[in-house]
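Q: There's a structure below that I have some questions on.
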Amino acid sequence: MGSRRLLPAALLAVVLTALVVTPAVLVRRAGLEHLPSTPARAGHWLGGWGAAQATAGRLPCGSCTVRNVVHLSVGGTAVRIRLANTYGTRSVTVGHTTVALPAQPGATAAPALLREVTFAGARSVRVPAGTSVASDPVPLTVTGGRDLLVSLYLPRHTRLAVSYHPSAHQTNYLAGGDATTAGATAFRHTTSHWYLLAGVDVRTADAVGTVVALGDSITDGTGSSSDTNRRWPDLLADRLAGRPPGKRHAVLDAGIAGNRLLRDGPPTSGVAALTRLGTDVPAGLGVRTVVVLEGINDIQFDRGVRAATLIAGYRTMVATLHARGLRVVGTTLLPYAGARAWSPAGDAVRVRVNSWIRTSGVFDAVLDADAALRDPTDPSRLATDYDCGDHLHPSDAGYAALAATVDLTVL
């Protein structure tokens, strides 16, 4: 996971500068620079759904099937899944994979809409530690704003740690043995994680590009209602679905709860945002724009962090993404007075950082989440209706207000 210490400002500046000139290295380490290319019979490949993996852990079962429930941001005529073993220490074998449209909410797959998934023509695939693999295209008509079931059979992995996304805010399902084609009754256990699954790509003519939302728990959806897809990137995708096809975009949610801009956090919080750009802003999926909402955890938990140090990190991130030809939308940091880790000094840093985001001109556009969600009578706090109750994360109404603030023309 890398060093857990905050670097001195002078040394950090050297490291950040080095990152600017080596974005290709980050992409190669992610193993995503050469996704299989298939001539598009109808449309092109975009990122229909994604989740940023944060750490690795043991499955809560031995030989078992994980049925991941994912919510697609765009529809199309075929899908392709991406498996990643980013933080695993040993190879993982997936013995059998299926995708299916659900017959109803939950683990029930519609039998007529269930498809086998292959990898280079084979049913089984090995995912080495630190790498990712993409499946062959699977002909299946899917609809944006609807769920897809992705079932992975992992034989004999009782002692093996596999990569996962910790905070799905979505109920996923577990069954013993190979249950990839089984009905809901086989799935007697549930989990709040997405295991091994990093993305679902969609071949589509309904959209022209992909937007990546890169962030922390606020992008990950902490405080939103589970199983309702009310994270703000989901709600942004709903807004984009109403646009004409030539102005429509798919959306990937690359939020990780607890994530920081400058340094690694605890294992479930993932590596620093600057480090994971190559992994979580994937190449080859029509990515055009990255919306960045990072920094509040640096302020909360790295006491003494300076606004100038955070600003240097933002500059490096923007330069790295610009070098890849991507637009970058900067998002102001939400107020958090009343939260457990709030401090007057930390809030002063937040205010200075927000002023810089709004006025520096470094970003291609600015999403002023702070102005949209703060209490008009006390700007250091979230508005009551937009507060989930912990004074840090938005409520469902707050996430809706955040998504509504996005100027769709800048995407």
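The values are calculated or read from the model by the stated rules, or taken from the named source; none is laboratory data. Only a predicted model underlies this, so the values are computations on that prediction, with no experimental measurement involved. Cβ sites come from the backbone with ideal geometry, for glycine too, and all protein chains shown count toward neighbours.
Q: Would the range 181-190 turn up any residue that is surrounded by 24 or more Cβ atoms within 10 Å (Cβ to Cβ) and of a type outside the set (S, T, N, Q)?
A: no
Q: Also, I was wondering about something else. Could you look through the range 163-193, keep only residues that are small (Gly, Ala, Ser) and assigned to a loop (DSSP other than H, G, I, E, B), and pick out the one that is farthest from residue 114 (Cα to Cα)?
A: That would be 167.
Q: Taking the range 126-149, which residues are crowded, with 17+ Cβ neighbours inside 10 Å and assigned to a strand (DSSP E or B)?
A: The answer is 127, 132, 133, 134, 138, 140, 142, 147, 148, 149.
Q: State all residues of the range 216-250 that are in contact with a strand residue (DSSP E or B) (Cβ under 8 Å, 6 or more places away or on another chain), part of a helix (DSSP H, G or I) and not β-branched (Val, Ile, Thr); if no residue qualifies, say none.
A: The answer is 217, 220, 232, 233, 234, 236, 237, 240.
Q: Only one of (1) touching a Leu at 6+ places or on another chain (Cβ under 7 Å); (2) in a loop (DSSP other than H, G, I, E, B) fails for residue 156. Which number is that?
A: The single condition residue 156 does not satisfy is (1).
Q: OK, next. Just to confirm my filter: which helices (runs of 4 or more DSSP H) fall fully inside the range 303-411 and include at least 1 residues that are surrounded by fewer than 21 Cβ atoms within 10 Å (Cβ to Cβ) and polar (S, T, N, Q)? Talk me through it step by step, then tell me what you get.
A: Details: elements: 307-323, 344-359, 369-373, 396-405.
Per the criteria, 344-359, 396-405.
Q: For the subset of the range 251-265 comprising residues that are more than 13 Å from the chain's Cα centre (by Cα) and surrounded by 22 or more Cβ atoms within 10 Å (Cβ to Cβ), which member is farthest from residue 350 (Cα to Cα)?
A: 265
Q: Right, another one. Of all residues in the range 71-88 being out of contact with any Asp or Glu (no Cβ under 7 Å at 6 or more places or on another chain) and of a type in the set (Gly, Ala, Ser), which is farthest from residue 276 (Cα to Cα)?
A: 78
Q: Can we say residue 65 is at pLDDT 95 or above, more than 30 Å from residue 271 (Cα to Cα) and among the hydroxyl-bearing types (Ser, Thr, Tyr)?
A: no
Q: Can you tell me which condition residue 257 does not meet? The list is (1) touching a residue at least 60 places away in the same chain (Cβ under 8 Å); (2) out of contact with any Asp or Glu (no Cβ under 6 Å at 6 or more places or on another chain); (3) among the small types (Gly, Ala, Ser); (4) not in a strand (DSSP E or B), and all the others hold.
A: Among (1) touching a residue at least 60 places away in the same chain (Cβ under 8 Å); (2) out of contact with any Asp or Glu (no Cβ under 6 Å at 6 or more places or on another chain); (3) among the small types (Gly, Ala, Ser); (4) not in a strand (DSSP E or B), residue 257 violates only (2).
Q: Follow-up question, since we're still on this one. So for the range 355-365 (the condition being modelled with pLDDT of 95 or more, under 18 Å from residue 217 (Cβ atoms) and not hydroxyl-bearing (Ser, Thr, Tyr)), does at least one residue qualify?
A: Checked the range 355-365: no residue is modelled with pLDDT of 95 or more, under 18 Å from residue 217 (Cβ atoms) and not hydroxyl-bearing (Ser, Thr, Tyr).
Q: Tell me, which residue of the range 66-109 that is part of a strand (DSSP E or B) and small (Gly, Ala, Ser) is nearest to residue 133 (Cα to Cα)?
A: For the range 66-109, the residue satisfying everything is 84.
Q: Taking residue 205 as the residue in question, decide whether it is over 21 Å from the mean Cα position of the chain (by Cα), small (Gly, Ala, Ser) and farther than 18 Å from residue 73 by Cα.
A: No.
Q: Suppose we filter 199, 183, 144 for residues that are within 24 Å of residue 110 (Cβ to Cβ), within 16 Å of the chain's Cα centre (by Cα) and not aliphatic (A, V, I, L, M); which single one remains?
A: 199
Q: Hey, does the range 194-201 have a residue that's in a loop (DSSP other than H, G, I, E, B) and among the small types (Gly, Ala, Ser)?
A: Step one: filter the range 194-201 for residues in a loop (DSSP other than H, G, I, E, B), giving 196.
Now narrow it down to the ones that are among the small types (Gly, Ala, Ser): none.
Among the residues of the range 194-201, not one is in a loop (DSSP other than H, G, I, E, B) and among the small types (Gly, Ala, Ser), which makes the answer no.
Q: Restricting the search to the range 361-395, which residues are more than 19 Å from residue 406 (Cα to Cα) and of a type in the set (Ser, Thr, Tyr)?
A: Residues satisfying the conditions are 377, 380, 384.
Q: Would you confirm, using the coordinates I've provided, whether residue 329 is out of contact with any helix residue (DSSP H, G or I) (no Cβ under 9 Å at 6 or more places or on another chain) and farther than 10 Å from residue 353 by Cα?
A: No: the conditions fail for residue 329.
Q: Quick one: which of 404, 383, 371, 400 is under 18 Å from residue 232 (Cα atoms), assigned by TED's automatic domain parsing to the domain that holds residue 222 and touching a Ser or Thr at 6+ places or on another chain (Cβ under 8 Å)?
A: Just a single option satisfies the conditions, and that option is 371.
Here's the yes/no breakdown for (1) in contact (Cβ under 8 Å) with a residue 60 or more places away in the chain; (2) farther than 18 Å from residue 49 by Cα; (3) surrounded by fewer than 17 Cβ atoms within 10 Å (Cβ to Cβ):
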| site | (1), (2), (3) |
| --- | --- |
| 71 | yes, no, no |
| 74 | yes, no, no |
| 80 | yes, no, no |
| 86 | yes, no, no |
| 89 | yes, yes, yes |
| 93 | yes, yes, yes |
| 98 | yes, no, no |
| 109 | yes, yes, no |
| 112 | no, yes, yes |
